[in-house]
Amino acid sequence: MPQDNEKKVDRRVVLTKLSLRESLLTLLLEKPLHKITPSELCRKANMNRNTFYAHYHSPEHLLHTIEDDLYEEVSGAIKMLEADWSSIKLLTTIIEILAKNRSLCMALFSNCNNLDLLHRIVELNRETITEKWKQEGMNLPNTQGDILYTYFSNGSLAVVQKWALDGMKKSPRELALFIGATIRFGLKQYT
């Protein structure tokens, strides 16, 4: 019997956290994070502040928790691809995860909210991709490969941002193919 009670408590905690998460992401579409108060967040989630503080110490803490969960999901998916790696599979996987987390993606891209999470995701692959470029015969000194990676990853991030803000009309694979083709075209002069 105690296990049934524990499951009920766990389910309530999960639902509480989900409600807080969705409320925060909704508010982020309206205003920047630094203007969201715990009281406002609790009103939006229809719960009291004690419940909020039982799980998080600030809206920033809640957002970092949400971001960390997404980062771990992306990181885990990338590790699963290591044995069968291709740039299109990698891009498609990351974009699919962003599409699945649409509300977070929209909140991150709206109102110039913090893009640290997306930059952390971009950095997950810097060494792997620049090393792959070398293996594919690109004649790039380390610093030049690093600069090109920064250029292409930030351009890709801008494309993903536009795709998200425009309603994610293309499939993740279509977007990955477009980004991949653009990067390959830009790298041709270095082969």
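Laboratory data are not the source of any read-out in this text; all were calculated from the coordinates shown. Computed from a predicted structure; not experimentally measured. Quick reminder, even Gly has a Cβ in these numbers, built from the backbone with ideal geometry, and neighbours come from all protein chains shown.
Of the helices (runs of 4 or more DSSP H) lying entirely inside region 11-83, those containing at least 2 residues that are of a type outside the set (S, T, N, Q) and within 30 Å of residue 128 (Cα to Cα) span 59-81. Only one of the numbered conditions (1) in contact with a Leu (Cβ under 8 Å, 6 or more places away or on another chain); (2) free of Cβ contacts under 8 Å to residues at least 24 places away in the same chain is violated by residue 64, and that is (1). Only one of the numbered conditions (1) touching a residue at least 40 places away in the same chain (Cβ under 8 Å); (2) in contact with a Gly (Cβ under 6 Å, 6 or more places away or on another chain) is violated by residue 130, and that is (1). Taking the criterion of being among the small types (Gly, Ala, Ser) and either out of contact with any Leu (no Cβ under 9 Å at 6 or more places or on another chain) or loosely packed, with under 15 Cβ neighbours inside 10 Å (or both), the residues of region 151-191 that qualify are 153, 155, 158, 167, 171, 181, 186.
For (1) of a type in the set (A, V, I, L, M, F, W, C); (2) farther than 19 Å from residue 88 by Cβ; (3) in a helix (DSSP H, G or I); (4) in contact with a Phe, Trp or Tyr (Cβ under 7 Å, 6 or more places away or on another chain), each residue gets a yes or a no:
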{"site": "117", "(1), (2), (3), (4)": "yes, yes, yes, yes"}
{"site": "129", "(1), (2), (3), (4)": "yes, no, yes, yes"}
{"site": "143", "(1), (2), (3), (4)": "no, yes, yes, no"}
{"site": "150", "(1), (2), (3), (4)": "no, yes, yes, no"}
{"site": "164", "(1), (2), (3), (4)": "yes, yes, yes, yes"}
{"site": "175", "(1), (2), (3), (4)": "yes, no, yes, yes"}
{"site": "186", "(1), (2), (3), (4)": "no, no, yes, yes"}
{"site": "189", "(1), (2), (3), (4)": "no, yes, yes, no"}
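Looking across region 56-92, the residues that are among the β-branched types (Val, Ile, Thr) and surrounded by fewer than 18 Cβ atoms within 10 Å (Cβ to Cβ) come down to 65, 88.
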